[in-house]
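S.K.: Let me begin by handing over the structure; questions about it come next.
The values are calculated or read from the model by the stated rules, or taken from the named source; none is laboratory data. Worth saying up front: this structure is predicted, and the values here are computed from it rather than measured. Here the Cβ is made from the backbone with ideal geometry for all residues, glycine too, and neighbour counts use every protein chain on show. Each accessible area value is taken on the protein alone, full model and side chains, heavy atoms only, with ligands, DNA and RNA left out. Shrake-Rupley method; radii C 1.70, N 1.55, O 1.52, S 1.80 Å.
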Amino acid sequence: GNSVTQMEGPVTLSEEAFLTINCTYTATGYPSLFWYVQYPGEGLQLLLKATKADDKGSNKGFEATYRKETTSFHLEKGSVQVSDSAVYFCAPLNTGNQFYFGTGTSLTVIP
Amino acid sequence: DTGVSQDPRHKITKRGQNVTFRCDPISEHNRLYWYRQTLGQGPEFLTYFQNEAQLEKSRLLSDRFSAERPKGSFSTLEIQRTEQGDSAMYLCASSLGVYNEQFFGPGTRLTVL
């Protein structure tokens, strides 16, 4: 079946620290991989995506690489800001066009 | 276009009552999705439409739930005989075509007393 295992939070970092949020998945076929972000009081927004193996998605300083051999799509950012405080969701999109969301990782960045 | 909108944003109801939620997708998007999100969890897929056709339903969608998209534009999600376990955030999303980004609305938070 399809499932996502996402790094549990909450995560608290100081500004300018390095961020990694781990995500591994199981899926039938070859899903597209997405990271969505939910800022406080707002709806889910696409952060980045990758549609095939070895693709790297990037946006707003965040990056994630589609690793088919390890079925992973870890999110990284070299220097976090207070404005990055949010909940991050890893979400494979399977060939049936269904998202399977992880449980979300809450990130708080302190000045 | 201002994105996906949902109405109402909050709904409080008593157990056993029926509720209906509305979703207005981005106007040119042909696919519309419903998800349910409970506290501390990620969204769970409920159902989706391509134009007016409901193409897939999750096992989470019991027979008390029904969704429609009569003209291929807005959609409604109705829950009959609500139960306390139905309390959740109900999210709507839309996309253009397959394997493309889904744009999410702000959600309707349902509380069943």
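S.K.: Please report the net charge: other residues with Cβ closer than 13 Å to the Cβ of residue A:31, K and R +1, D and E -1.
M.R.: Within the 13 Å Cβ shell, the charges total +3.
S.K.: Could you give the radius of gyration (one decimal) and Dmax (whole number) of the Cα atoms in chain A, in Å?
M.R.: My reading of the Cα-based Rg and Dmax gives 13.3, 43 Å.
S.K.: Tell me which chymotrypsin sites (Phe, Trp or Tyr not before Pro) from segment B:7-113 have a DSSP coil assignment and no more than 14 other beta carbons within 10 Å of their own.
M.R.: On the way: sites: B:21, B:33, B:34, B:35, B:45, B:48, B:49, B:65, B:74, B:90, B:99, B:103, B:104; in loops: B:74, B:99.
Of the chymotrypsin sites (Phe, Trp or Tyr not before Pro), the ones in loops of segment B:7-113 whose Cβ has at most 14 other Cβ atoms within 10 Å are B:99.
S.K.: Tally Lys/Arg at +1 and Asp/Glu at -1 over every other residue whose Cβ is under 13 Å from the Cβ of residue B:16; what's the total? Could you put the intermediate results ahead of the total?
M.R.: On the way: positive: B:14, B:15, B:64, B:81; negative: B:83, B:86.
Value of the local net charge: +2.
S.K.: What Kirkwood hydrodynamic radius, in Å, does the protein assembly as shown give when the mean of 1/r is taken over all pairs of distinct Cα atoms and then inverted?
M.R.: Computed over the protein assembly as shown, the radius equals 18.0 Å.
S.K.: Show me the GluC sites (Glu not before Pro) within segment B:10-77 that DSSP assigns to loop and that have at most 13 other Cβ atoms within 10 Å of their Cβ.
M.R.: Loop-located and lightly packed - B:28.
S.K.: While we're on this one: What is the sum of charges around residue A:86, taking Lys and Arg as +1, Asp and Glu as -1, for the other residues whose C-beta is under 15 Å from the C-beta of residue A:86?
M.R.: Charge balance in the 15 Å sphere: -1.
S.K.: If you scale each eigenvalue of the Cα gyration tensor by 5 and take the root, what three semi-axes come out for chain B, rounded to whole angstrom and sorted largest first?
M.R.: 22, 14, 13
S.K.: Next question. With a 1.4 Å probe and all protein chains left in place, how much of the accessible area of segment A:1-61 comes from carbon and sulfur atoms, in whole percent?
M.R.: Here it works out to 47 percent.
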